[in-house]
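Structure, as structure tokens:
The values are calculated or read from the model by the stated rules, or taken from the named source; none is laboratory data. The model shown is predicted, which means the values in this text are computed figures rather than measured ones. All Cβ positions, even for glycine, are placed from backbone atoms using ideal geometry, and neighbour counts span all protein chains on display.
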């Protein structure tokens, strides 16, 4: 005689299942009944509205004006231009985030790694530097950065998730924070630590991403004005993102009155060094050229100690300007008192000799970006179409990029470069700078016609 399995359903289980099914059927019927009632109520309301409209007398159109009518009534109302803009709401508290560790501190803010307490998502928390004596309560640089990051939607520009405030708004050091997407690396830290330089295919992919983001900014009338490797972020998927918009601002055509003292010294265009009062997107393209050279050598291209030394190093690399290579440069405020060398050897660029590993197209692109005359520099859109990116080796896919240990995990980043200029500062005059000796010895250098082998 076989015994009944202990896993078989009992009569009690059958009763419970039947009860659950009946309860489910009853709830479903109740829900259907409510939906039917709401539908009928909407139909009744629509019928009443139609009946009310039918009862109203039709309005007759006035054909002739009444005697003594105001002539101003004939003026059509003004048409206002309206631009789409996102809604601004109340800021949440910074207490919704838990700080993990500091990352870095720059001219316009302090950045830390934090997590969202509700979701656990890792973010970058940037505290804006507020000045108690600021009459607006918030620095213009902070307002511009918030507005630009809110407006920009591009895969190569860092994303701002929200703005949060501290609990004690009376404390300038703990009042306003930007919640940004967390990106593992910045290019400066990678270049400082990597044992071998980037491959040509990797340099091309990084440049394409940088130029794509810059083209988006310039197409939307935004100048970044502080492009450098420490402001370019790279995640572990090979995606580059432009960050730190503390110096950025909207411009127009013609451009408004702009601050002269912009861009970190090592990446500052020659027209800014010579005191130009008006400038355009070409200042960003000069910085792109400096970054291009830095990606190849792993060292900043022009490391001047001050403005005069920066001008000297720029002319050593790109040649001394003339009226042929840079028309009208002598009219710039700081160029009138410069004493420049007169030798013909000083008028040419040495970019090709300094970067022997670059192809002809690559050297041509770098030379165009580092043109002393801003009118001769390519725009970001033009740079994207350059032959250099179509030559072999082709740009490496982002998914094939190597990964690097993140310094944003627990180690604070230390910078060995000049800080960005402080807003409102005045450009330092060069005075009677004597640059006539910067090319001494170039005429006596021996130049071979072919390969030069260096014994190690």
Expected single match for buried (at least 23 other Cβ atoms within 10 Å of the Cβ), touching a helix residue (DSSP H, G or I) at 6+ places or on another chain (Cβ under 9 Å) and free of Cβ contacts under 8 Å to residues at least 60 places away in the same chain among 326, 286 is 326
If I filter segment 251-272 for residues that are surrounded by fewer than 21 Cβ atoms within 10 Å (Cβ to Cβ), under 16 Å from the mean Cα position of the chain (by Cα) and in contact (Cβ under 8 Å) with a residue 24 or more places away in the chain, do I get at least one hit?
yes
Quick one: which helices (runs of 4 or more DSSP H) sit completely within segment 328-389 and have at least 3 residues that are over 24 Å from residue 215 (Cβ atoms) and at pLDDT 95 or above?
none
Among the helices (runs of 4 or more DSSP H) confined wholly to segment 190-301, which include 1 or more residues that are not assigned by TED's automatic domain parsing to the domain that holds residue 363?
none
Among (1) buried (at least 23 other Cβ atoms within 10 Å of the Cβ); (2) in contact with a helix residue (DSSP H, G or I) (Cβ under 7 Å, 6 or more places away or on another chain), residue 191 falls short only on (1)
Is there a residue in segment 199-214 that is in contact (Cβ under 8 Å) with a residue 40 or more places away in the chain, within 30 Å of residue 95 (Cβ to Cβ) and touching a strand residue (DSSP E or B) at 6+ places or on another chain (Cβ under 6 Å)?
no
Segment 302-323, residues that are in a loop (DSSP other than H, G, I, E, B) and buried (at least 19 other Cβ atoms within 10 Å of the Cβ):
302, 319, 320, 321
